[in-house]
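One structure is given below, encoded as structure tokens.
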Amino acid sequence: SQQGEEDPQALSIQEGENATMNCSYKTSINNLQWYRQNSGRGLVHLILIRSNEREKHSGRLRVTLDTSKKSSSLLITASRAADTASYFCATVGSSNTGKLIFGQGTTLQVKP
Amino acid sequence: GAGVSQSPSNKVTEKGKDVELRCDPISGHTALYWYRQRLGQGLEFLIYFQGNSAPDKSGLPSDRFSAERTGESVSTLTIQRTQQEDSAVYLCASSPQGAGGETQYFGPGTRLLVL
């Protein structure tokens with residue numbers, strides 16, 4: 001079953017603009033991860049934020065986590081056409097298996 | 001080193017036939033996961049292996065689905081008597097230990113189409 005919702009479902013922006021995607025989840029988490037998927041195939045890990053962290057940066061990516069609201073956001077700054085992809089948040093719960101529970105994803109299109 | 005590989009890349013089968021999907025994880029990774037992704041959806045967890053054991057099979061949708069792992073390496077996901085609703089991309093991932101704070105490394109997936 002899906003953990004929660006992502007919004008927007010689809011986002012279209014111009015190159016150079018910032019893109020913000022939001023993710024909500026339902027249960028308590030150990031950490032939250034963001035993945036990127038090109039062309040509906042393999043996923044690439046972008047960033048992991050632990051439940052005791054509030055913000056994390058990696059290059060042009062900025063992730064926030066609000067555990068009181070059970071929500072996270074991914075900001076991509078100065079977007080490029082190559083950022084066009086689907087972005088998924090995934091949570092890891094308290095079980096010790098490390099299994100990921102994914103949201104529905106946001107499809108981002110960056111127009112050159 | 002080599003990443004996670006999966007075979008076949010694409011599989012078309014007729015309803016009622018059995019299929020086997022293969023995953024080769026990154027060498028040395030003890031944790032292996034199978035996920036399913038239906039068109040336009042997020043990934044659904046199917047099964048988790050720690051070594052050759054599967055302590056979490058909670059995502060397998062029916063008893064037509066089974067999986068095994070041997071040599072703490074290759075894993076095979078078998079779907080018996082395939083149904084049209086089994087059509088999806090099946091993704092495999094591995095991680096070093098299977099602990100909660102690890103990155104998972106995904107293979108390219110097998111796209112299954114059941115006619």
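The values are calculated or read from the model by the stated rules, or taken from the named source; none is laboratory data. Since the structure is predicted, the reported quantities are computational estimates derived from the model, not experimental observations. In this analysis, Cβ positions are derived from the backbone assuming ideal geometry, glycine residues included, and neighbour counts consider all displayed protein chains. Side chains are part of the model used for accessible areas, which takes the heavy atoms of the whole protein and leaves out ligands, DNA and RNA. Shrake-Rupley method; radii C 1.70, N 1.55, O 1.52, S 1.80 Å.
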**Prompt:** Do the conditions hold for A:ASP83, that is, is it free of Cβ contacts under 8 Å to residues at least 60 places away in the same chain, open to solvent by less than 60 Å² (accessible area, probe 1.4 Å) and among the acidic types (Asp, Glu)?
**Reply:** no
**Request:** Would you mind finding the one in A:ASN38, A:ASN22, A:ASN18 that is within 14 Å of chain B (Cβ to nearest Cβ) and of a type outside the set (Val, Ile, Thr)?
**Result:** A:ASN38
**Request:** Check whether at least one residue in region A:93-109 is more than 11 Å from every other protein chain (Cβ to nearest Cβ) and either closer than 26 Å to B:THR30 by Cα or basic (Lys, Arg) (or both), and report yes or no.
**Result:** no
**Request:** Identify the single condition in (1) within 28 Å of B:LEU46 (Cα to Cα); (2) in contact (Cβ under 8 Å) with a residue 60 or more places away in the chain; (3) of a type in the set (Val, Ile, Thr) that A:ILE47 does not satisfy, given that it satisfies every other one.
**Result:** (2)
**Request:** Can you give me the number of residues within region A:39-60 that are touching a Ser or Thr at 6+ places or on another chain (Cβ under 8 Å) and closer than 30 Å to B:TYR90 by Cβ?
**Result:** 7
**Fill in**
The strands (runs of 3 or more DSSP E) lying entirely within region B:23-64 that contain at least 2 residues which are more than 25 Å from A:GLN104 (Cα to Cα) and within 12 Å of chain A (Cβ to nearest Cβ) are B:53-56
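One line per residue, one yes/no per condition, for (1) without any contact (Cβ under 8 Å) to a residue 24 or more places away in the chain; (2) open to solvent by less than 20 Å² (accessible area, probe 1.4 Å); (3) under 15 Å from A:GLY42 (Cβ atoms); (4) touching a helix residue (DSSP H, G or I) at 6+ places or on another chain (Cβ under 7 Å):
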position	(1), (2), (3), (4)
B:SER5	no, no, yes, no
B:LYS11	no, no, no, no
B:LYS15	no, no, no, yes
B:LEU21	no, yes, yes, no
B:SER27	no, no, no, no
B:GLN37	no, yes, yes, no
B:GLY40	yes, no, no, no
B:SER53	yes, no, no, no
